[in-house]
Amino acid sequence: MRVYIETYGCTANEADSAGIRDAVLASGGAIVAAPEEADAIVINTCAVTGHTANSMTRAIARFPGKRVIVAGCMAVAEPERLSGYEVVDSAGPLPVVRALGLRPGAGLPVAMSGRTATIKIAEGCNGQCSYCIVRLVRGRLRSVPAAKILEAVRRAIDAGASEIFLTAQDSGAYGLDTGVRLPALIRSIASMPGDFKVRIGMMNPFSVADILPDMIDVLNLPKVYKFAHIPVQSGSDRILKLMQRPYTEREYSDIVASLRAGVPGITFSTDYIVGFPTETDEDFCLTLEDLRTNRPLKVNITRFSPRPGTPAASLPDLLERTKKERSRLLTALHHEVTSSYMQDAVGSRRTVLVSEKGKPGTVISRDASYNMVVIQEDLPPGMRANVEISAAKTTYMIGRRL
């Protein structure tokens with residue numbers, strides 16, 4: 001059997017597609033690079049926003065006359081929009097593997113992209129966010145046993161991985177159902193032989209709060225990037241309550257401050273939703289203030305869109321032009337923050353790990369704090385280099401090799 005796979009959305013979907021790939025290859029089949037060569041086409045979908053779901057329907061419709069299997073979040077959350085296609089009824093690789101008439105591959109799937117390995121450490125989420133369709137699709141938290149994760153990391157390192165990306169719907173919740181929490185898992189991975197760095201995936205404030213001292217410890221380990229993705233979503237406590245996010249902006253800021261104090265050089269990523277139902281100008285100004293105060297270097301900004309089956313879908317929606325204007329203002333402030341940080345780095349020296357090829361004649365590398373450093377040389381991924389930061393753009397640095 002020849003199978004063509006297209007993957008959209010998050011890194012958890014990438015890991016699911018790796019599981020489908022493993023099953024195809026283990027059965028003696030082939031993964032093909034072009035849809036016209038395939039006996040079956042798998043579209044692994046995302047449905048996080050209404051705009052995304054609309055783009056999914058267009059992507060799926062591109063293969064008339066072919067056997068198309070629709071998987072992922074949209075297949076589970078909005079099957080009524082996919083009539084005429086073969087739709088799996090639950091998330092993850094196994095439903096697709098069964099639809100193809102195959103058996104699962106052995107071991108936890110590893111999604112390799114160059115020298116970066118993505119490994120899914122848990123499925124589902126214990127959150128109750130009122131806007132989120134993903135939690136309805138993925139269900140409650142189910143952590144992968146640590147032994148399986150360590151075996152997958154071992155395989156990734158043996159295959160040449162220099163970066164290990166641990167992903168989940170909420171990495172900070174890992175082990176709440178098994179008793180082996182995230183810091184213990186990371187210590188085990190970081191103690192493994194090999195030259196590699198670990199990037200920890202998104203951790204919700206409410207899941208990282210009770211393991212904060214241990215997280216400070218592991219984020220200082222040499223093999224772990226000093227980087228934390230912790231989504232705040234809004235700077236307004238009133239909006240956070242409507243979102244059913246169980247923390248205040250002050251509690252989130254305290255987490256950031258504790259990590260900054262305990263992990264020198266740490267950088268942050270966060271997420272904001274603008275235009276949540278009933279969000280006022282005052283609420284939005286509090287979000288701007290949160291960005292000014294906490295100064296994350298990577299920001300994901302989403303304009304609210306109601307998703308079917310979620311409590312927030314029943315609330316009165318804001319005008320789209322209001323959402324667009326707030327998104328524009330928040331983006332502009334974010335660029336001010338990052339530009340200042342990047343410019344301050346010019347003249348500094350740091351050790352970087354080459355992670356992937358960039359534009360022709362360049363490579364993308366990461367320093368210890370996961371800052372992107374572009375080097376204008378053709379270097380092999382996995383190589384370490386000492387660089388001086390010679391220039392800076394809005395969201396990345398340019399390094400000259402010493």
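Listing for the model above:
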read-out: The lone exception for GLU320 - which of (1) surrounded by 15 or more Cβ atoms within 10 Å (Cβ to Cβ); (2) closer than 28 Å to GLN128 by Cβ it fails; value: (1)
read-out: Selection count where residues are in a helix (DSSP H, G or I) and crowded, with 22+ Cβ neighbours inside 10 Å, scope region 153-176; value: 5
read-out: Every residue from region 195-208 that is among the polar types (S, T, N, Q) and in a loop (DSSP other than H, G, I, E, B); value: ASN204
read-out: Candidates VAL32, VAL48, VAL24, VAL3, filtered to the one that is surrounded by fewer than 19 Cβ atoms within 10 Å (Cβ to Cβ) and either over 19 Å from the mean Cα position of the chain (by Cα) or under 29 Å from GLY275 (Cα atoms) (or both); value: VAL32
read-out: Residue count, region 88-115 (criterion: surrounded by 21 or more Cβ atoms within 10 Å (Cβ to Cβ) and touching a Pro at 6+ places or on another chain (Cβ under 8 Å)); value: 4
read-out: So ALA106, is it under 22 Å from LEU166 (Cβ atoms), over 24 Å from the mean Cα position of the chain (by Cα) and of a type outside the set (Val, Ile, Thr); value: yes
read-out: Filter pass, LEU288 being within 22 Å of THR394 (Cα to Cα) and among the aliphatic types (A, V, I, L, M); value: yes
read-out: 3 or more residues of a type in the set (Val, Ile, Thr) and in contact (Cβ under 8 Å) with a residue 12 or more places away in the chain: qualifying strands (runs of 3 or more DSSP E) within region 61-148; value: 68-72, 116-120
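Residues are listed down the side, and each one gets a yes or a no for (1) under 17 Å from the mean Cα position of the chain (by Cα); (2) at pLDDT 95 or above; (3) under 30 Å from ALA38 (Cα atoms); (4) not assigned by TED's automatic domain parsing to the domain that holds GLU14:
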| site | (1), (2), (3), (4) |
| --- | --- |
| GLY65 | no, no, yes, no |
| GLY84 | no, no, yes, no |
| SER113 | yes, no, yes, yes |
| THR118 | yes, yes, yes, yes |
| ARG138 | yes, no, yes, yes |
| GLY175 | no, yes, no, yes |
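Every residue, every condition in (1) within 23 Å of SER305 (Cα to Cα); (2) under 21 Å from the mean Cα position of the chain (by Cα), yes or no:
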position: ILE60; (1), (2): yes, no
position: VAL76; (1), (2): yes, yes
position: ASP89; (1), (2): no, no
position: VAL96; (1), (2): no, no
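The values are calculated or read from the model by the stated rules, or taken from the named source; none is laboratory data. Since the structure is predicted, the reported quantities are computational estimates derived from the model, not experimental observations. In this analysis, Cβ positions are derived from the backbone assuming ideal geometry, glycine residues included, and neighbour counts consider all displayed protein chains.
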